[in-house]
Each structure stands twice: as structure tokens, then as C-alpha cells.
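Every number in this text was worked out from the coordinates using simple rules, so none of it is lab data. Computed from a predicted model, the values in this text were never measured in an experiment. Ideal geometry is used to build each Cβ from the backbone, glycine not excepted, and the neighbour counts take in all protein chains shown.
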Amino acid sequence: MSAPEPILSMRDYRLVFDTFDGIYQALDGVGFDLNPGESLGIVGETGCGKSITAKSILGLLPSPPARVLSGEILYRGQDLLKASERDFRRLRGTEIAMIFQDPMTYLNPVFTVGEQLVDAILAHQRAKPGGERMNKAAAKRHAIQMLAKVHLPNPERQFTSYPHELSGGMRQRVLIAMSLSGAPRLLIADEPTTALDVTIQAQILDLIAELIDDLNLSVLMISHDLGVVAKVCDRVIVMYAGHVVEDAPVDQLFNDPRHPYTRGLLASIPHPGRPPTSLSGIPGTLPNLYDPPRGCRFAARCPLAVPACTTAVPEKRHLSGNHLVACIRADEDLPAEAADA
């Protein structure tokens, strides 16, 4: 039986920002596939290109200063880099939806939650080619159903509430309801729990996992928190300084990380089975992307680096199954002094 066609494919995607300080090389050769019904996490420290990757898919980066140098972003076979603004208006919300990290930034404080949901639903209806159109009463019923689906308490009452009258977790549920109100096939979640406290984070992640199963969504989850990705995702991509350095099923990545950067990220996470003294950080900082290094961008911080690492960007290679790593020494273990740091 042949593998399903990916719902989303990014191929050798390179993007820069033209700034007064020079050309900022944000993404360089990013590539991955997302299959129907799959949940894929993208992780990495701040500045690695996670959110830029997500916003590129929906055409949300202003141009200028953003400028695409090469590559393809294929959604169900359509190259989004060649899509017009009219095409994007049809796709946003009805085919691809996005949840952002700060609900108050994306909810208008002077309109009720219900008014904003109804407006979004009617806009999605107008964007869909052909088919029946909801009237305002039907859109209101659908909005209340969506609020109930995301487990917002007393959805009929909250429909008339203003955003400031809701807690952070409730506002995030409203954003999720708004994102899903157009019945999209692909959901992009850009750090959807960052602004929430830990207990509410867990509830929102449980909700997203439930919706993935109920609605058969394909999900791209952006996060700097490996715990979030482990809870929701089937597969994980690790990004560093605009490069994809590792791509693996979630269990395999956590049990057998092969890129030194991934190992460093995992070593910095508290673990109930390890004493706090076993935690270690990654020395150094991200490279200057106005003038990035010629070879592996992690080489200056890597405990396995050798001279060959600084001469050419390593190609991604298969280690086993679907495990891809961009490192010439991925088959080797960390030196003892680095592993014990």
C-alpha cells in the first residue's frame, strides 16, 4: 500500500529579510512533509525560525522586508508561493487555520466574543466556492456549538461576553473555536500555550489532542517546549538557526536523539528520574544570521565538532526508518565530559 500524499510539503525553502543592517538569512533550505491526520511539532530556541516557517505557509510575512529566494510550499499540490492574495483569502480559515500565542492580540476588545465568532464564520462562508450560505442566525448557532466543542463553560452566556471578561485560558479556547469554525483541514498552532499558566496549558493541550482525533485534523505545532510537543505530536522537527537539524517520530527523538543540538535541548529539561544537578545548558549563543557561518551553524557550540563541520552545510541523512539528521557525526555519542556536564 503506497504512502498517502502529504497535505503540506516544504521544499528547500530559503527566506531572507532585507534590513537596514543588511540581509538577515532567516531560513535556509527548510524542508519537511506533513501527512493527512498527522501532528508535527517544530521545536527550537527563540530565533531559530519556527514562527517564520509557520507564517510563511499562510503568506503572513510582509514583503518587503521578507523575500523568498527559493523553494516550494505545497498545500495539497498547490504551490502557496505562487498563490495570489485572493487564493489566500480562500484558504485562510477554510483550508488552513492558525492559532496564535496571545489571545488578547487577536481578539478585538470592543466587540463581544459572539460578534467576532459570527463575523469569522460568515467570512469563511463567503470565502468558500459555491455551496449554501449561513444567515446570521445560523452562524450564531454554529458559533455557540463551536464554543461548546472547545469546552468553554456556559457557551450561551460567554457568547455575549467581552474578551476582558474571560480568563486567559477561556480566551484561548475562543481563538481555537474561531480557528476551527471554518472546518479547516490543516491547523497551525504557534505556541498556543505560552501565555498561560501550567495547569491551563495542560487543559488546552488536552483539548487540542481531542480535536485532532475528533476532526481528523493535520496539525503543525510550533513550540520551544519539548514537553508540549511530546504530549500532542506524532513527529518532531528540530530547528536551529534557520536549518532543520533533526526530523523523527516523537518517541524515537526522545529515546534516541542523534543531533548534538537535540541532545543539548533534552539535557536541559528537568526529569523526575534525574537529580537537578544533572541539568546542563548549551554553551554559546545563536550565530549571527546577517553573516552566518559557512558550514554547520551549530558547530561553534557543538561538543562533537571537527574541522569538516565548518566547511560545508551537512546534508540530512536517514539513520533508521523515518529518522533524519543533518550531522556528519550523528552515529557517534557525546564525549563523556560533555554528556556529564
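By per-residue mean of other Cβ atoms within 10 Å, what is the highest-first order of 37-46, 12-21, 306-315, 54-63?
Per-residue Cβ counts within 10 Å, averaged per peptide and sorted highest first, yield 37-46, 54-63, 12-21, 306-315.
Would you grab the residues whose amide H sits under 5 Å from the one on Ala189? Only those 5+ places off in sequence or on another chain, please, with H modelled 1.01 Å from N.
Ile99, Leu220, Met221, Ile222
Can you tell me what the convex hull of the Cα atoms of the range 14-66 projects to on average, as an area in nm²?
4.3
Nearest 10 degrees, 0 to 90: what angle lies between the long axis of helix 198-215 and the longest principal axis of the chain (Cα atoms)?
70
Go ahead and estimate [θ] at 222 nm for the chain from helices alone: -39,500 (n - 2.57) per DSSP H run with n ≥ 4, summed, over the residue count, rounded to 500.
After summing the helix terms and dividing by the residues of the chain, the value is -9000 deg cm²/dmol.
Using a 7 Å offset from the Cα along the Cα-to-Cβ direction at both Asp256 and Ala138, what is the distance between the two label points in nm, to one decimal?
5.3
Report the FRET efficiency, 1/(1 + (r/R0)^6), for Ala183 and His151, where r is their Cβ-Cβ distance and R0 is 22 Å, rounded to 0.05.
0.75
Taking the Cβ of Leu215 as the centre, find all other residues whose Cβ is under 10 Å away and add up their charges (Lys, Arg: +1; Asp, Glu: -1).
For residues surrounding Leu215, the net value is -1.
Using the scaling law 2.2 N^0.38 Å as the reference, what is the normalised Cα Rg of the range 106-184? Working shown, then result.
Details: Rg = 11.9 Å, N = 79, 2.2 N^0.38 = 11.6 Å.
The range 106-184 yields a ratio of 1.03.
Can you give me the convex hull volume of the Cα atoms of the range 1-105, divided per residue and expressed in Å³?
Taking the convex hull of the Cα positions in the range 1-105, it is 139 Å³ per residue.
Please compute the length gained on full extension between Ser167 and Asp197, using 0.36 nm multiplied by the number of residues separating them and subtracting their Cα-Cα distance.
Gain on stretching Ser167 to Asp197: 9.7 nm.
From the Cα trace of the chain, what convex hull volume per residue do you get, rounded to a whole Å³? Each step should come with its number before you reach the end.
Working: hull volume 54.4 nm³, N = 341.
Looking at the chain, the number lands at 159 Å³ per residue.
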